[in-house]
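K.L.:
Right, I'll just put the structure down here and ask away after.
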Amino acid sequence: MPKGSPELTEARREEIINACEKLYRTMSFKEITMGEVGKATSFTRTSIYNYFRTKEEIFLALLKREYELWTASLRDTMEHVGSMTKDEFSDMLAHSLEERAQLLKIMSMNHYDMEAGSRPECLRDFKVAYGEAIRTVTACLDRYFPDMSAVEKQSFVYTFFPFMFGIYPYTYVTEKQRTAMEEAGVNYVFMSIYEITRSCVRKLLGG
């Protein structure tokens with residue numbers, strides 16, 4: 001780790017993560033290199049290695065931040081909304097992910113590579129954020145549906161979180177993919193992040 005104040009270290013880490021996020025809007029995971037990230041920061045490419053050893057670590061840090069932002073939004077809802085019906089909760093959770101398309105995009109692509117290409121301490125920090133997201137969704141169920149059994153809540157969580165990995169590739173289809181599906185006779189029905197998430201949550205809650 002480079003010398004300097006914790007504030008400077010954190011600021012530079014955030015600049016690197018922000019640069020990666022910006023590149024990811026127009027480039028694929030494979031196209032983005034440490035060199036590309038370096039060009040988008042205010043310091044030298046070599047300096048990046050003081051903070052992240054690989055691009056996988058940068059992406060994992062970006063995914064961690066996305067989980068933290070999503071978790072914060074859910075906790076804010078719990079602080080300000082005392083009760084919800086199943087329909088209202090489905091709407092809320094669907095809108096919360098609709099606002100975090102970047103989270104869903106990163107989740108759906110190269111997740112295994114990100115974890116395999118990161119140091120254990122980076123993976124540990126990410127898992128802390130991931131675990132907090134699971135605990136927060138469970139806390140939402142505790143708050144809004146106190147009659148749900150522990151088994152029902154566990155079933156919801158362990159169905160919903162794997163489901164999240166498939167939201168982005170289903171809702172963001174390229175023209176090439178669309179054409180291929182039409183030629184293959186696949187009856188693809190477009191659904192938005194909100195629509196597919198709301199439908200899943202409502203079914204998991206029963207009804």
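K.L.:
Are any residues in region 45-63 among the charged types (D, E, K, R), outside any loop (DSSP other than H, G, I, E, B) and surrounded by fewer than 17 Cβ atoms within 10 Å (Cβ to Cβ), and if so, which ones?
P.N.:
Across region 45-63, the qualifying residue is only R45.
K.L.:
So, one more: Limited to region 112-125, what total is found for residues that are assigned to a helix (DSSP H, G or I), touching a helix residue (DSSP H, G or I) at 6+ places or on another chain (Cβ under 8 Å) and surrounded by fewer than 20 Cβ atoms within 10 Å (Cβ to Cβ)? Before the answer, list the steps.
P.N.:
Our first condition is that a residue be assigned to a helix (DSSP H, G or I); within region 112-125, this holds for 112-116, 120-125.
Applying the additional criterion that residues be touching a helix residue (DSSP H, G or I) at 6+ places or on another chain (Cβ under 8 Å) yields 113-116, 122-123, 125.
Remaining after also requiring surrounded by fewer than 20 Cβ atoms within 10 Å (Cβ to Cβ): 113, 115-116, 123, 125.
Total satisfying the criteria: 5.
Here's the yes/no breakdown for (1) assigned to a loop (DSSP other than H, G, I, E, B); (2) among the aliphatic types (A, V, I, L, M); (3) touching a residue at least 24 places away in the same chain (Cβ under 8 Å); (4) over 17 Å from M92 (Cβ atoms):
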| residue | (1), (2), (3), (4) |
| --- | --- |
| A133 | no, yes, yes, no |
| R143 | no, no, yes, no |
| Y170 | no, no, yes, yes |
| K176 | no, no, no, yes |
| V186 | yes, yes, no, yes |
| V189 | yes, yes, no, yes |
| R198 | no, no, yes, no |
| R202 | no, no, yes, no |
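K.L.:
So is M107 touching a Phe, Trp or Tyr at 6+ places or on another chain (Cβ under 9 Å) and more than 19 Å from L69 (Cα to Cα) or not?
P.N.:
Answer is no for this residue.
K.L.:
Any idea which of S83, S42, S73 is part of a loop (DSSP other than H, G, I, E, B), assigned by TED's automatic domain parsing to the domain that holds V173 and of a type in the set (S, T, Y)?
P.N.:
It is S83.
K.L.:
Among the numbered criteria (1) farther than 19 Å from L62 by Cα; (2) in contact with a Phe, Trp or Tyr (Cβ under 9 Å, 6 or more places away or on another chain); (3) aromatic (F, W, Y); (4) free of Cβ contacts under 8 Å to residues at least 60 places away in the same chain, which one does F160 miss?
P.N.:
Unmet condition: (2).
K.L.:
Quick one: which of L69, L104, L97, L74 is within 21 Å of R13 (Cα to Cα) and either surrounded by 20 or more Cβ atoms within 10 Å (Cβ to Cβ) or of a type outside the set (D, E) (or both)?
P.N.:
After ruling out the rest, the residue left standing is L69.
The values are calculated or read from the model by the stated rules, or taken from the named source; none is laboratory data. Just so we're clear, the structure is a prediction, and the values are computed from it rather than from any experiment. In this analysis, Cβ positions are derived from the backbone assuming ideal geometry, glycine residues included, and neighbour counts consider all displayed protein chains.
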